[in-house]
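Q: Submitted below is the structure of interest, expressed as structure tokens.
The values are calculated or read from the model by the stated rules, or taken from the named source; none is laboratory data. Predicted model, so just to flag it, every value in this text is computed and none were measured. Here the Cβ positions follow ideal geometry from the backbone for every residue, glycine too, while neighbour counts run over all protein chains shown.
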Amino acid sequence: MALPADIETAALGFARPGPAQDEKMRILVVEDEPRLLRSLAKALREEGYAVDTAEAGDEGLYKAENYDYDAIVLDVMLPRLDGWQILERLRKQKPTPVLMLTARDAHKDRVRGLDTGADDYLVKPFDLSELLARLRALIRRSAGKPRPQIELGDVHIDTRARSVIRAGEPVTLTAREYAILEYLALHRGEVVSRTELYEHLFDESDDTMSNLVDVHVFSIRKKLGRDLIATRRGQGYTIE
């Protein structure tokens with residue numbers, strides 16, 4: 001199967017154009033074509049996403065049901081359980097945004113995917129920049145933030161450009177600092193536990209210390225003001 005040009009480039013290890021990536025949300029990719037799965041996961045990680053993968057339908061359903069993802073990229077033609085079955089079962093339990101990614105481009109297949117509960121539908125071969133834009137839009141809509149700009153007092157976050165401005169001046173954050181800030185901003189008014197932040201910062205291939213969350217929050221406060229992120233002792237963090 002021919003790969004999209006951008007994925008092919010990523011698979012071969014060549015640099016591809018694009019801005020420095022700062023967003024860190026957790027994505028599940030369910031795809032049975034090994035080369036495409038590896039290449040897509042690599043490209044998404046380069047974009048700053050934490051990525052879990054599954055090559056079979058039953059494995060994908062298990063992860064989708066038992067872990068919290070910001071979005072799922074789901075192929076239709078899968079061994080053991082197909083994408084329709086996964087989507088139907090998942091929708092009985094979770095509203096996780098799902099982007100169907102498939103070579104089936106017939107009108108009836110697109111309609112079936114959307115009617116079954118898919119949030120978006122992208123046909124192979126696809127443009128990587130379009131897939132990333134659709135994922136960002138799905139995540140924003142799921143969090144109730146359809147616009148890419150989030151305002152927190154004098155702090156302005158642009159999730160499309162992945163940039164932060166405070167009092168009119170740009171502020172440079174590391175990838176994980178930005179990820180924490182954006183996640184808390186998308187869940188403004190909610191208390192987010194350290195465990196939840198950790199699970200969205202790191203994917204199944206990471207091996208690191210969970211207390212790094214506290215270190216990153218401390219650094220964000222130094223750059224954006226100590227009152228931006230409040231600590232709820234024994235519970236987690238919140239942006240009020």
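Q: Pick from the range 124-138 the residues that are assigned to a helix (DSSP H, G or I) and of a type in the set (Lys, Arg): which of them is modelled with the highest pLDDT?
A: So in the range 124-138, the residues assigned to a helix (DSSP H, G or I) come out as 128-138.
Right, trim to of a type in the set (Lys, Arg) and you get 134, 136.
Details: Arg134: 88, Arg136: 84.
Across the range 124-138, the extreme among qualifying residues is Arg134.
Q: Separate question: If you go through the range 37-55 one residue at a time, do you hit one that is among the aromatic types (Phe, Trp, Tyr) and within 22 Å of Ala133 (Cβ to Cβ)? Show your work before the answer.
A: Our first condition is that a residue be among the aromatic types (Phe, Trp, Tyr); within the range 37-55, this holds for 49.
Adding the requirement that they be within 22 Å of Ala133 (Cβ to Cβ) leaves 49.
So far as the range 37-55 goes, yes, one or more of its residues are among the aromatic types (Phe, Trp, Tyr) and within 22 Å of Ala133 (Cβ to Cβ).
Q: If we scan the range 80-87, do we find a residue that is farther than 30 Å from Thr174 by Cα, out of contact with any strand residue (DSSP E or B) (no Cβ under 8 Å at 6 or more places or on another chain) and touching a residue at least 40 places away in the same chain (Cβ under 8 Å)?
A: Pass one, the range 80-87, residues farther than 30 Å from Thr174 by Cα: 80-87.
Checking the rest, the ones that are also out of contact with any strand residue (DSSP E or B) (no Cβ under 8 Å at 6 or more places or on another chain) come to 80-82, 84-85.
So of that shortlist, the ones also touching a residue at least 40 places away in the same chain (Cβ under 8 Å) come out as none.
Looking for residues that are farther than 30 Å from Thr174 by Cα, out of contact with any strand residue (DSSP E or B) (no Cβ under 8 Å at 6 or more places or on another chain) and touching a residue at least 40 places away in the same chain (Cβ under 8 Å), one finds none in the range 80-87, hence no.
Q: Would you point out the residue of the range 35-49, among those that are touching a helix residue (DSSP H, G or I) at 6+ places or on another chain (Cβ under 8 Å) and among the basic types (Lys, Arg), that is farthest from Asp75 (Cα to Cα)?
A: Residue satisfying both the conditions and the ranking: Lys42.
Q: While we're on this one: Quickly run through the range 110-123 and pick out the residues that are modelled with pLDDT of 70 or more and part of a helix (DSSP H, G or I). Step through it out loud before you land on a result.
A: At the first step, the residues of the range 110-123 found to be modelled with pLDDT of 70 or more are 111-112, 114-123.
Val111, Arg112, Leu114, Asp115, Thr116, listed by residue number.
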